[in-house]
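**Q** Sharing a structure with you now.
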Amino acid sequence: MKLIQLSTFVFILILTSCGTPNKEEVTDASKVAEESNSFDRVWSEDEIDYHTLSNYMDVYVSHIHLDVEISFDEKKLFGSATHTIENPCNKDIIVFDSRSLDITSITLNDGEEATYEMGEYDELLGESITVHIKEDTKKVKINYSTSEGTRALDWLVPAQTAGKENPFMYTQGQAVLTRTWIPCQDTPGRRITYSAKVKVPNHLMAVMSASNPTVKNESGVYDFEMNQSIPTYLMAIAVGDLEFIEIDERTGVYSEPSMIEACRYEFGDMGKMVDAAEGLYGKYQWERYDVIVLPPSFPFGGMENPRLTFATPTIIAGDRSLTTLVAHELAHSWSGNLVTNSNWNDFWLNEGFTMYFERRIMEELYGKDYVDMLALLGYQDLQASISSLEPKMQMLKLKMKGIDPDEAMTDIAYEKGYSFLRLIEELAGREKFDVFIKDYFTTHKFQTMTTEVFVTYLQENLLEPNSIEFNLNEWVYESGLPENCLVVVSERFNSVEAQLTSFYETNNANSVTPKDWSTHEWLHFIRHFKPETTVDQLAILDDAFHLTQSGNSEIAAIWFEKSVNAGYDKIDVELEAFLMRVGRRKFLQPLYNALAATPEGKQKGLDIYVKARDNYHFVSVSTIDAILGYSPI
Ligand code: BES
Ligand code: ZN
């Protein structure tokens, strides 16, 4: 063992440039597939994260201890973040990311005052904190507080919660928002473990992406541990009037008490999902898998915070029809959380793999017919994205330098990524593909991954041994959708289309017989309304099927969009109520876009938005401000 370490050490001295890569020296990406936090590290150019101001390649953090208090009165989180650092090349500064944080003081090791400088404010990246360190510096403690309008944090007043009696707060870290609530080296290029002591008002409970309490305690002080290494974008906390119920021994749900019973039913298959996922691609590495259902302002459907997926309440449909989202966030426990995109250019590695894995889990539980519907809806999204996105955003491997990484969240990463993997599955055969994917996760667990390393690994371990040749470069590095993209066929959707055709021929709702339709058939039906559909035709369907009153958020959202496009105003009351309550960007964006298409619609949208804006998280606000050209005074 000693011998191996010694030889590795000699290897490092020869090969690493000890820090930021020298473009001429380091080009062999295949050498990068080493433990990402280990000493023997050769960085390739592809790994450079342009969305951090930190010097994470030179000096890096291995553990963060948070000691913070949460004040709902001041809408502030304050306390300290103590970083345990590794400084193999004996540098004299460590640089952290921050954004709109008030740094009060910084100390080294056991309390020695440190000198530090704040960098200039960068609109995209925030402000760097450069701390001067010494050879013996092992710990850097940053005392700080968040400020008004901190981007990651959403502070909700009681009226914005289900129970209406207590405030609520949650964070959203991905992609570059963790630096707005924790000063840290905010890059997926390094992994940290973390621990935390969090004080909250004593009638509330705090939960994190870590080991969690299941009951409230009197003191309002909660301790957390995350012993598996993660990138900082997965650090997360939620505080509110929370209750926990178990689904099985290792899965459960947190929500406000008034929703817990609905959650018990909706998420009843969660344990089976974890079993199915393990059966496919290897042991679940995070011990527990729980979900927290947040208030409706949560800007995403779900966020894969390890051990504790954060989810929107809009997936509670009463019939488990929207729990694909749970399979998705669970799948990230392998793709994303275990093998992590090296930087935001490689975002498709997180999301494309997760879409593929998600559908495999769903196939195990609900069969191929069900998944064909999901895949076809996804393919429709992909085609829409290809026709609307500029070519440089249509590659799997992106060039996000200078661009907000949030903009990488398109169907290219998700659905083109899915289609690419689905094609390889087809070429290799499922059996070989599954062995390959399982090995890929096992070999690279708790590491970061670049597109280039993945491609090399794919060639060496699956394509070459099986003499598979195809237009791989076109798929990964070019825009558009290659011609050999598999076309999904869904028998169930074919029947839906036939019924829609006959409705247009007859204008009679009796030609539509949706008795056995799932949510997905409804979505396919409404998505395929012709652009020239009249207000009268919408009224016939609405009278027969009460779509305006649908309690299913996906069905309601697409119905509202089509209604706005057609000028069908019987939806107005429900549309406004929906926009006031729900903050999920995936729904808000198309709805405000549809409204903004006409001058009257835009005014209607603005009138609602000025009232609703406070109910939305920063992530959604930034998108909708741009759609409506709105800027607060
Ligand atoms: N990790 C994403 C959410 C995300 C992506 C947040 C990029 C910030 C930046 C999450 O896993 C996700 O993909 N959510 C989807 C779920 C859907 C595809 C089932 C969502 O929220 O719509
Ligand atoms: Zn995802």
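The values are calculated or read from the model by the stated rules, or taken from the named source; none is laboratory data. Because the structure is predicted, anything quoted here is derived from the model rather than measured. Reconstructed Cβ throughout: ideal geometry from the backbone, glycine too, with neighbour counts over all protein chains shown.
**Q** Looking at R264, R320, can you tell me which residue is without any contact (Cβ under 8 Å) to a residue 60 or more places away in the chain, surrounded by fewer than 22 Cβ atoms within 10 Å (Cβ to Cβ), on the phi > 0 side of the Ramachandran plot and not small (G, A, S)? Explain how you work it out, then say what you get.
**A** On the way: R264 fails: on the phi > 0 side of the Ramachandran plot.
Selected residue: R320, the only one of R264, R320 that is without any contact (Cβ under 8 Å) to a residue 60 or more places away in the chain, surrounded by fewer than 22 Cβ atoms within 10 Å (Cβ to Cβ), on the phi > 0 side of the Ramachandran plot and not small (G, A, S).
**Q** For region 577-605, name all the residues that are farther than 14 Å from I627 by Cβ and either of a type in the set (D, E, K, R) or within 16 Å of ligand 2 (Cβ to nearest atom) (or both). Break it down into steps so the answer makes sense when it comes.
**A** Taking region 577-605 as the starting set, the residues that turn out to be farther than 14 Å from I627 by Cβ are 577-578, 580-584, 599-600.
Across region 577-605, the qualifying residues are R581, R584, E600.
**Q** Okay, moving on. Go through (1) part of a loop (DSSP other than H, G, I, E, B); (2) on the phi < 0 side of the Ramachandran plot; (3) not aliphatic (A, V, I, L, M) and name the single condition E287 misses.
**A** It is condition (2) that E287 fails.
**Q** Can you report the number of residues in region 339-355 which are more than 11 Å from ligand 2 (Cβ to nearest atom), crowded, with 24+ Cβ neighbours inside 10 Å and aliphatic (A, V, I, L, M)?
**A** Qualifying residue count, region 339-355: 1.
**Q** Output the number of residues of region 425-449 satisfying the condition of being in contact (Cβ under 8 Å) with a residue 12 or more places away in the chain, part of a helix (DSSP H, G or I) and of a type in the set (A, V, I, L, M).
**A** 3
**Q** Test A498 against the stated conditions and say whether it is out of contact with any Pro (no Cβ under 6 Å at 6 or more places or on another chain), outside the structural domain of I424 (by TED's automatic domain parsing), closer than 26 Å to A413 by Cα and not in a loop (DSSP other than H, G, I, E, B). Lay out the reasoning, then the answer.
**A** Details: out of contact with any Pro (no Cβ under 6 Å at 6 or more places or on another chain): yes; outside the structural domain of I424 (by TED's automatic domain parsing): yes; closer than 26 Å to A413 by Cα: no; not in a loop (DSSP other than H, G, I, E, B): yes.
In short, no.
**Q** State which residue is farthest from ligand 1 (Cβ to nearest atom) when the search covers only region 365-388 and only residues that are touching a residue at least 24 places away in the same chain (Cβ under 8 Å), under 18 Å from L421 (Cα atoms) and among the charged types (D, E, K, R).
**A** D372
Conditions (1) modelled with pLDDT under 95; (2) within 13 Å of ligand 1 (Cβ to nearest atom); (3) of a type outside the set (D, E); (4) assigned to a strand (DSSP E or B), marked per residue:
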position: I292; (1), (2), (3), (4): no, no, yes, yes
position: P306; (1), (2), (3), (4): no, yes, yes, no
position: G318; (1), (2), (3), (4): no, no, yes, no
position: E329; (1), (2), (3), (4): no, yes, no, no
position: S333; (1), (2), (3), (4): no, yes, yes, no
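**Q** With under 30 Å from L280 (Cα atoms) and surrounded by fewer than 19 Cβ atoms within 10 Å (Cβ to Cβ) as the only criterion, which of N461, N507 stands out?
**A** Every option except N461 fails the conditions.
Each row is one residue, and each column tells you yes or no for (1) under 17 Å from A175 (Cβ atoms); (2) within 12 Å of ligand 2 (Cβ to nearest atom).
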| position | (1), (2) |
| --- | --- |
| G301 | yes, yes |
| S321 | no, no |
| T324 | no, yes |
| L330 | no, yes |
